[in-house]
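Worksheet for the structure shown next.
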Amino acid sequence: MTEQKKTEKEDFVHSELDVVRHSASHVMAQAVKRLFPEVKLGIGPAIKDGFYYDFDLDRKLAEEDLPKIEAVMKEIIREQYPFAREDLKKEDALKLFRERGEIYKCEIIESIPDDTVSIYRDGDFLDLCRGPHVKHTGEIKAVKLLALAGAYWRGSEQNKMLQRIYGTAFENQKVLDEYLRTVEEAKKRDHRKLGKELDLFSFHEESPGMVFFHAKGFFIFNALIDFMRSQLRRRGYCEVAGPAILSDELWKQSGHYDNFREAMYFTRKEDREFAIKPMNCPGHVLIYRSKQRSYRDLPLRMAEFGRVFRYEKSGVTHGLLRVRSFTQDDAHHFCTEETLKDEIKSLIRFTKEIYGLFGFKNYSVAVSTRPAKAMGSAEIWNQATEALKQALEELSIAYEIHEGEGAFYGPKIEFVIFDNLNRPWQCGTVQVDFSMPERFDLEYIASDGSRKRPVMVHRAIYGSIERFMGILIEHYGGAFPLWLSPVQVCVATITNKQDAVAERIHRELEEAGVRSELDVRTEKIGYKIREAETQKIPYVAVIGEKEAESGLVALRSRGRKDLGTVSVQDLVKRIQKEVELKT
């Protein structure tokens, strides 16, 4: 069942908190109906972290309406109306909602195949709903309306745009207050806001959904690639690069044309159709097939920082987190069936190690199984899925099962990391693929001289470098660790008399490999330090009259911590040690 279909039936709710939130969505609709009797009701499910309800109202709702709606909600909560369920025949329900002018409810009822439908009443309000709900409105203890948005009816651009109100509810006010504090902190850490403030990247209508990296942002982008390259060399990878445009015949053979075509860009030249690659894997398959392979060549670990292009609707693109062009830290392992499990285990260890280095100590793992639309037999899917499960179990890693959420070519392990605000981010994947080697007739010469089929393991750790960078910006709040900071030291003067000394120290730092920025503006030193703090620069080396005479600098670390005076040589050593340790 798709998300939209579940929503239309008011969704199944599972936890006690979901029940509270679903009930709160009804109370919100009831409050809007009291304030604006002419409103027509859409749908109002519980969702992750809260609830929403969609309304058809001629009057445009504004932010100042939310406290008014919330005040009426609290009145309804104090009145402790019981939630009472009624089961009605379909035709009786249609008559009831037609009399009330609820055209959207009637449309939902007509789409329900059952002969009976259920409604819930609380006080003077009723709604089409399958439930369940709390016993009475007074059991909703802490509620807050958060935002307004537009939403097409049933998610289709062909339908009318409705007004959506988002809210949340928790078991008590203390938990709600903590959640709201986290929401406010998340706004401060929003990577789009920080990206602009720190001059990292921008987006432009001339290429919608595709990122323009500025110098500082591109430094971070390349630093992430350089770091991963250093890790690949230690693990026996070979790095390759394939073309961005490949014939549609290749994508048909790989299965992407049938299963992924709606997200692909196409072009036509010389009576041939080509696709701009949405994935790197078919190119790696062609490189594998370019020469005869032996069991001695396996496992063959092929990596590419490949830029791919995927069409996303403009309404779902979101900063660096969801773009139309991005770079994957992609790799494909070609191995034997006998070594498959060990290869998966090494990838799991690799992934955990990388996340730990970035400060992601907490993570969860899921195994996503065969979807409805899948290539290959149930037998090879079971074999691939069992290999993933066994590898996790042998490493004593707990995992969930996500039924039907695998890729069309194979099951996968999904890693979800939790940032400093304990928000989940799905990043790395390890996918086992028996189908593509079969479709491309890949072989290797076994030790007994026979020809055998390799297994292909797809893996990404960052996932998308752009997306991972967006996650890091929010995880660190823009205050990158020293090794990732575009500027590591700001050399700032107290007066213009120290300019020459500051310029010399700036050059010395740059020559030693330290990324230094010079601030000799005719501004007060307090202003310069605040500017460096705003730009999240890890260190400020202040040079006044005494420092200029002694050849030292007054060092301050991010957070305005005074570290005393140090020599330039000691500052360089300090920075080099921090970079080496990745602290």
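Tabulated results
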{"quantity": "Given (1) touching a Gly at 6+ places or on another chain (Cβ under 8 Å); (2) of a type outside the set (Gly, Ala, Ser); (3) buried (at least 16 other Cβ atoms within 10 Å of the Cβ), index of the condition ARG78 fails", "calculated": "(3)"}
{"quantity": "Those strands (runs of 3 or more DSSP E) lying entirely in segment 385-486 with at least 3 residues in contact with a His (Cβ under 8 Å, 6 or more places away or on another chain)", "calculated": "424-433, 455-464"}
{"quantity": "Residue in segment 58-66 that is assigned by TED's automatic domain parsing to the domain that holds TRP153 and touching a helix residue (DSSP H, G or I) at 6+ places or on another chain (Cβ under 6 Å) present", "calculated": "no"}
{"quantity": "Selected residue (criterion: modelled with the highest pLDDT) from residues of segment 404-416 that are under 13 Å from ALA460 (Cβ atoms) and among the aliphatic types (A, V, I, L, M)", "calculated": "ILE413"}
{"quantity": "Identity of the residue in segment 81-118, of a type in the set (Phe, Trp, Tyr) and assigned to a helix (DSSP H, G or I), that ends up surrounded by the fewest Cβ atoms within 10 Å (Cβ to Cβ)", "calculated": "TYR104"}
{"quantity": "Members of segment 28-61 that are in a loop (DSSP other than H, G, I, E, B) and β-branched (Val, Ile, Thr)", "calculated": "VAL39, ILE43"}
{"quantity": "Those residues of segment 299-352 which are in contact (Cβ under 8 Å) with a residue 40 or more places away in the chain, under 17 Å from ARG467 (Cβ atoms), outside any strand (DSSP E or B) and not polar (S, T, N, Q), in sequence order", "calculated": "ARG310, TYR311, GLU312, GLY319, LEU320, LEU321, VAL323, ARG324"}
{"quantity": "Every pair of residues 6+ apart whose Cβ atoms lie under 7 Å, when the first sits in segment 241-264 and is in the same structural domain as GLU312 (by TED's automatic domain parsing) while the second is acidic (Asp, Glu) and surrounded by 16 or more Cβ atoms within 10 Å (Cβ to Cβ)", "calculated": "ALA241/GLU304; GLY242/GLU304; TYR257/ASP248"}
{"quantity": "Considering residues of segment 119-133 that are in contact (Cβ under 8 Å) with a residue 60 or more places away in the chain and buried (at least 18 other Cβ atoms within 10 Å of the Cβ) only, the residue nearest to ARG85 (Cα to Cα)", "calculated": "TYR120"}
{"quantity": "Some residue of segment 1-21 being among the small types (Gly, Ala, Ser), under 18 Å from PRO132 (Cα atoms) and either within 28 Å of the chain's Cα centre (by Cα) or at pLDDT 95 or above (or both)", "calculated": "yes"}
{"quantity": "Selection within segment 515-539 - under 11 Å from VAL489 (Cβ atoms) and either modelled with pLDDT under 95 or under 33 Å from the mean Cα position of the chain (by Cα) (or both)", "calculated": "ARG515, SER516, GLU517, ALA532, ILE537, PRO538, TYR539"}
{"quantity": "Test result for PHE480, closer than 26 Å to SER364 by Cα and in contact with a Cys (Cβ under 6 Å, 6 or more places away or on another chain)", "calculated": "no"}
{"quantity": "Looking only at segment 142-175, and only at residues there that are in a loop (DSSP other than H, G, I, E, B) and touching a residue at least 60 places away in the same chain (Cβ under 8 Å), the one that is surrounded by the fewest Cβ atoms within 10 Å (Cβ to Cβ)", "calculated": "LYS160"}
{"quantity": "Residues located in segment 207-218, provided they are buried (at least 17 other Cβ atoms within 10 Å of the Cβ) and in contact (Cβ under 8 Å) with a residue 60 or more places away in the chain", "calculated": "GLY209, VAL211, LYS216, GLY217"}
{"quantity": "Odd one out for LYS95 among (1) farther than 27 Å from ASP18 by Cα; (2) in contact (Cβ under 8 Å) with a residue 12 or more places away in the chain; (3) not hydrophobic (A, V, I, L, M, F, W, C)", "calculated": "(2)"}
{"quantity": "Out of PRO454, PRO424, PRO437, sole residue that is more than 18 Å from the chain's Cα centre (by Cα) and under 30 Å from PHE227 (Cβ atoms)", "calculated": "PRO454"}
{"quantity": "Residue tally, condition among the aliphatic types (A, V, I, L, M), part of a helix (DSSP H, G or I) and surrounded by 14 or more Cβ atoms within 10 Å (Cβ to Cβ), over segment 362-384", "calculated": "2"}
{"quantity": "Filtered residue count, segment 497-530, keeping only those that are touching a residue at least 24 places away in the same chain (Cβ under 8 Å) and either surrounded by fewer than 14 Cβ atoms within 10 Å (Cβ to Cβ) or assigned to a helix (DSSP H, G or I) (or both)", "calculated": "12"}
{"quantity": "Members of segment 537-565 that are closer than 19 Å to PHE480 by Cα and not hydrophobic (A, V, I, L, M, F, W, C)", "calculated": "PRO538, TYR539, ARG556, SER557, ARG558, GLY559, ARG560, LYS561"}
{"quantity": "Matching residues, segment 568-583, being over 16 Å from VAL487 (Cα atoms), in contact with a helix residue (DSSP H, G or I) (Cβ under 9 Å, 6 or more places away or on another chain) and surrounded by 13 or more Cβ atoms within 10 Å (Cβ to Cβ)", "calculated": "VAL568"}
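The values are calculated or read from the model by the stated rules, or taken from the named source; none is laboratory data. Since the model is a prediction, treat every value here as computed from it, not as a measurement. When we count neighbours, we look across all protein chains shown, and the Cβ atoms used for this are built from the backbone with ideal geometry, even at glycine.
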